[in-house]
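To keep things clear, I will list the structure first and then write my remarks on it.
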Amino acid sequence: MATETAKKKHITQEELREHNSPSDLWISIHDKVYDLTHWISDHPGGGIPLLNLAGQDVTDPFTALHPPSAWKHLDRFFIGYHLSDNQISDLSKDYQLLISDFTKLGLFEQKGHVIVLTLCIIFSLFSIAVFFVIGTTSLLAHVAAGILMGFIWTQSGWVAHDTGHATVMLTPWLNRITQLLCGNCLTGVSIGWWKRTHNAHHVACNSLDFDPDLQHIPLFAVSSELFKTLTSYFYERKMRYDTIAKILVSHQHWTFYPVMCFARLNLFAQSIVLLLWNKSVPNRFQEILGVMVFWVWYSCLVSFLPNYGERLLFVGACFIVTGIQHVLFCLSHFSTSVYVGQPQGNEWCKVQATGSLNIRCSPWMDWFYGGIQFQVEHHLFPRLPRCHLRRIAPLVRELCKKHKLQYPSVGFCEANRRTLATLKDIALQARNMELSGARNLVWDALNTYG
């Protein structure tokens, strides 16, 4: 076998696709083939992205998601094979050229001052919120503290998002501290859970069975394909479309905003489940400690409020305000094109562009959206600091225009309208299916012999 391997220098894409399992995982980058079978458990981005793209050419996603320092680690996985029949699309060539241009301009390394300014705002608001709770007896001040805390959670979430994609602080160590502080300690959401989920989302953007950000059965369905009880390859379970799911989905355009108001509970629960799960979690002790810090300080702060009514108002304000962030997450993808199946490395650039929705806003509102208003740009260049997204937007728009790809960019109200329209359309389909099923049962009963 060793002699045969040494002689063979080229393989086809069909042969590469045969190596697509956890026990035999190959990929290709720039036509060079790498065996990552024993790297799955050690991959900093988690094993899920590797498994989702196993047996494929992954040049575009690898370049997008990894810093230049990652390239030096590839040589130890190279097994001597080259792809003999890989066809690079014109879109991919232009995309790689843009990455090269941005690298030469130093955009990936220019962090800007957004994160530092945001951190200063967060801690200023936090101090004010704590004073309103502890230092005053006014009901309005206590409600205002809850509103401020909701904004703190939202802005902390954007910072955690940035630090999870790239080193936006001066050093990796400081970047990690910022992750834990803004993710685990301030918001109660495990940055380890977020990275695991978000990396899977970026690799499998808008795949109904691979992208966890579209797997909300029984509460929501963004496609009638979910009526078929698909398998979630992220959660490793069936997404059952049962009676309860039918009822909830049939009214999802009415329940969307109320559910978003308390969607943070889902993040709390998923963080705790992952940290207590037997799955491998990098730096598990740090993650658990950070989440515990959140629950200690938040519980203590709530306990300072004089009665259960004011505590309920405070907590409710926190959740409702941060619910805006969860709405923004959904606006970015719910109304765009979706598909069923494994993500394809050679279609990666196209899917990222057509599966994302930009929200137009004035530059002074960029702080509010945390960079995800440029969702197309962010998905194509996830390592790029958000301070550069507005600058590169015209170039991305031209790239999409040249290759006849949609570049959806709408206002905030229109994004909400599209999302609600999508949810309503699927809800009506769910109702019609139920009515059709009932009519068929009656017809069958009336026409049964014997």
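The values are calculated or read from the model by the stated rules, or taken from the named source; none is laboratory data. Values in this document were obtained by computation on a predicted structure and should not be read as measured data. Here Cβ is always computed from backbone atoms with ideal geometry, including for glycine, and neighbour counts include all displayed protein chains. We work out accessible area using only protein heavy atoms, side chains counted, and drop any ligands, DNA or RNA first. Shrake-Rupley method; radii C 1.70, N 1.55, O 1.52, S 1.80 Å.
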> HN-Hα J couplings of the stretch 75-85 from phi, Karplus 6.51/-1.76/1.60, θ = phi - 60°, integer Hz, Gly and Pro as x?
Replying inline: 4, 6, 9, 5, 10, x, 8, 10, 6, 9, 10
>> Give me the extension gain from Asp242 to Trp173: residue separation times 0.36 nm, minus the current Cα-Cα distance, reported in nm with one decimal.
In response: 20.2 nm
> For Rg and Dmax of the Cα atoms in Å, which listed value, [x] 22.0, 78; [y] 23.8, 81; [z] 21.7, 69, comes from the coordinates shown?
Replying inline: [y]
> Of all the stretches in the chain, which is the longest one without any exposed loop site, taking trypsin sites (Lys or Arg not before Pro) in a DSSP loop (any state but H, G, I, E, B) with at most 16 other Cβ atoms within 10 Å?
Replying inline: 10-239
> Amide H to amide H, which residues 5 or more places from Leu25 or on other chains are under 5 Å from it, using H placed in the peptide plane?
Replying inline: Leu36, Thr37
> Ignoring ligands, DNA and RNA, what accessible area per residue does the chain give at 1.4 Å, in Å²?
Replying inline: 49
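Carbon and sulfur atoms: what percent of the 1.4 Å accessible area of the chain do they account for?
Numbers: 14050 of 21920 Å².
Whole-percent figure for carbon plus sulfur exposure: 64.
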>> Quick check: the distance between the Cα centres of the stretch 219-266 and the stretch 64-90, to the nearest angstrom?
In response: 38
> When ranked by the protection proxy of mean other Cβ atoms within 10 Å per residue, highest first, what sequence do the peptides 48-57, 269-278 form?
Replying inline: 48-57, 269-278
> Where the only charges are on Cβ atoms (+1 Lys, Arg; -1 Asp, Glu), what is the dipole of the stretch 207-279 about its Cα centre, to the nearest 20 debye?
Replying inline: 200
> What residues qualify as long-range amide H neighbours of Tyr81, i.e. H under 5 Å apart, gap of 5 or more or another chain, H built at 1.01 Å from N?
Replying inline: Val33
>> Can you work out the Karplus-derived ³J(HN,Hα) for every residue in the stretch 140-154? Use 6.51 cos²θ - 1.76 cosθ + 1.60 with θ = phi - 60°, whole Hz, and x for glycine or proline.
In response: 4, 5, 5, 5, 4, 4, x, 5, 4, 5, x, 5, 4, 4, 5
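Under a Cβ-Cβ cut-off of 12 Å, what is the net charge of the residues other than Thr197 that fall near it, where Lys and Arg count +1 and Asp and Glu count -1?
Taking every other residue near Thr197 into account, the sum is 0.
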> What value, in deg cm²/dmol to 500, does the helix sum -39500 (n - 2.57) over DSSP H runs of n ≥ 4 give at 222 nm once divided by the residues of the chain?
Replying inline: -17500 deg cm²/dmol
> Using the alpha-carbon centroid of each, what span in Å lies between the stretch 324-359 and the stretch 112-146?
Replying inline: 34
>> Apply the Karplus curve 6.51 cos²θ - 1.76 cosθ + 1.60, θ = phi - 60°, to the phi angles in the stretch 245-260 and return the couplings in whole Hz, x for Gly and Pro.
In response: 4, 4, 5, 5, 5, 5, 10, 5, 6, 8, 8, 4, 5, x, 5, 4
> What are the GluC sites (Glu not before Pro) within the stretch 235-339 that DSSP puts in a loop, where the Cβ has at most 13 other Cβ atoms within 10 Å?
Replying inline: Glu236
> So how exposed is Met292, as accessible area in Å² (1.4 Å probe, rounded to 10)?
Replying inline: 110
